[in-house]
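Asker: Sharing a structure below in structure tokens format, with a few things to ask.
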Amino acid sequence: MEKISLIIPCFNEQEMIPIFFETVEHVKKSLKNITFEYIFIDDGSSDNTLSELVTLQNKNRNFVHFYSFSRNFGKEAALYCGLQKSSGDYVAVMDVDLQDPPEQLVFMLNGIQREGFDIVGTRRVSRKGEPPIRSFFSSLFYKLINRISDTEMVPGVRDYRLMTRQVVDAIITVDEYNRFSKGIFSWVGFKTKYLEYENHDRVAGETSWSFWKLFSYSLDGIVNFSDAPLAIASFTGIFSFIISLLGIIFIILRKLIVGGSVNGWASLVTLVLFIGGIQLFCLGIVGKYIGNLYLESKNRPKYIVKEEK
Ligand code: UDP
Ligand code: MG
């Protein structure tokens, strides 16, 4: 019999764990000839998530496992841990808040077994229940990243997906520290199909993503999958160099033809400030890449497991 490993990252999700488990157990009944393995990752929760997981594991020793981190390492690290620990022929990545409808597993498995896809992912076609400003920046992000990166990012795509063992092994070989999973999932390639569904609200608990967290996450996405900002920095440099060259020629010619004058110190100061600003901006871009390089070169573990079962 073939096995699906479900990878479920949890961060302060005490109310959701029993509800999630019940719901998936229900869906499981409609899948014939397949066994399940649950791999919960407790990402350093400060509530009772861990004790909920211990209780659940005690009741279902054969097919429920959990790994509890020593602190909050982020969802990306949790996903990586889950992928490494999974043993199923197929692996699904799923949020615990039921925003990823478990019923879709049936269609996903169909896509892999019958239609020959390697990955069946999901994308949201609506964003109802989400603040408009968030949707706006999100669509801006996808437009930008698809323009400047070779890795295709499908708008509205979720982490929720079912993959074959081969794909999971490929993803594990991408062992960078700064993980932008949406990009990595797409970077490894393979035949992918996307199922579409309407946005669901969280069943319980609260999202742990603030606007700024999302903003810096999208910056990470850009820095990780494109070097276009570096090119922008050099182009701005070249552009301001050409402009100042023209300015110098103009000043020399004016001196030769009209004669000297001390007019224009105000515009001079403005120019100095302007160029200084551009320099700092470009330095910031370069700094972001060097910062990533620095983190990468330290080669620290992506997560530390404190307790597992
Ligand atoms: N999550 C995690 N570590 C974190 C933040 C979130 O493991 O630092 C988990 C969380 O428990 C949930 C999933 O990642 O299962 C998605 O989080 P959330 O629902 O807050 O994000 P959203 O659905 O709003 O994008
Ligand atoms: Mg959610």
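The values are calculated or read from the model by the stated rules, or taken from the named source; none is laboratory data. Remember, predicted model here, so these are calculated numbers, not experimental data. Cβ atoms come from the backbone with ideal geometry, glycine included; neighbour counts cover every protein chain shown. Note: areas computed on protein heavy atoms with side chains; ligands, DNA, RNA excluded. Shrake-Rupley method; radii C 1.70, N 1.55, O 1.52, S 1.80 Å.
Asker: What pairs come up if the first residue lies in the stretch 203-223 and is in a helix (DSSP H, G or I) and polar (S, T, N, Q), the second is open to solvent by less than 70 Å² (accessible area, probe 1.4 Å) and more than 9 Å from ligand 2 (Cβ to nearest atom), and their beta carbons are under 7 Å apart, counting only those six or more places apart or on different chains?
Answerer: These pairs meet every condition: Ser218/Phe141.
Asker: Kindly provide the set of residues from the stretch 153-183 that are assigned to a helix (DSSP H, G or I) and at pLDDT 90 or above, ordered by number.
Answerer: Result: Arg165, Gln166, Val167, Val168, Asp169, Ala170, Ile171, Ile172, Thr173.
Asker: Of these, Ile34, Ile39, which one is away from ligand 2 (no atom under 16 Å from the Cβ) and surrounded by fewer than 20 Cβ atoms within 10 Å (Cβ to Cβ)? Even if it seems obvious, please write down each step before you answer.
Answerer: Details: Ile39 fails: surrounded by fewer than 20 Cβ atoms within 10 Å (Cβ to Cβ).
So the residue among Ile34, Ile39 that is away from ligand 2 (no atom under 16 Å from the Cβ) and surrounded by fewer than 20 Cβ atoms within 10 Å (Cβ to Cβ) is Ile34.
Asker: I'd like the full set of residues that are open to solvent by less than 40 Å² (accessible area, probe 1.4 Å) and either within 10 Å of ligand 1 (Cβ to nearest atom) or without any contact (Cβ under 8 Å) to a residue 24 or more places away in the chain (or both), limited to the stretch 100-119.
Answerer: Within the stretch 100-119, Asp100 is the sole residue that qualifies.
Asker: Oh, and also: Please pick out the residue among Tyr177, Tyr142, Tyr160 that is hydroxyl-bearing (Ser, Thr, Tyr), free of Cβ contacts under 8 Å to residues at least 24 places away in the same chain and surrounded by 15 or more Cβ atoms within 10 Å (Cβ to Cβ).
Answerer: On the way: Tyr177 fails: free of Cβ contacts under 8 Å to residues at least 24 places away in the same chain; Tyr160 fails: free of Cβ contacts under 8 Å to residues at least 24 places away in the same chain.
On inspection, the qualifying residue turns out to be Tyr142.
Asker: Another question, if that's okay. If we scan the stretch 268-280, do we find a residue that is over 44 Å from the mean Cα position of the chain (by Cα) and without any contact (Cβ under 8 Å) to a residue 24 or more places away in the chain?
Answerer: Checked against the condition, which is being over 44 Å from the mean Cα position of the chain (by Cα) and without any contact (Cβ under 8 Å) to a residue 24 or more places away in the chain, the stretch 268-280 yields at least one hit.
Asker: For the stretch 75-99, what are the residues that are near ligand 1 (Cβ under 10 Å from one of its atoms) and charged (D, E, K, R)?
Answerer: Matches in the stretch 75-99: Lys75, Glu76, Asp95, Asp97.
Asker: Could you say which residue among Ser126, Ser139 is in contact with a Pro (Cβ under 7 Å, 6 or more places away or on another chain), over 27 Å from Ile34 (Cα atoms) and away from ligand 1 (no atom under 13 Å from the Cβ)?
Answerer: Residue meeting the stated conditions: Ser139.
Asker: Here's another thing I want to ask about it. Please go through the stretch 209-240 and pick out each residue that is within 16 Å of ligand 2 (Cβ to nearest atom) and open to solvent by 50 Å² or more (accessible area, probe 1.4 Å).
Answerer: If the condition is that a residue be within 16 Å of ligand 2 (Cβ to nearest atom) and open to solvent by 50 Å² or more (accessible area, probe 1.4 Å), then Trp209, Ser210, Phe211, Lys213, Leu214 are the ones that fit.
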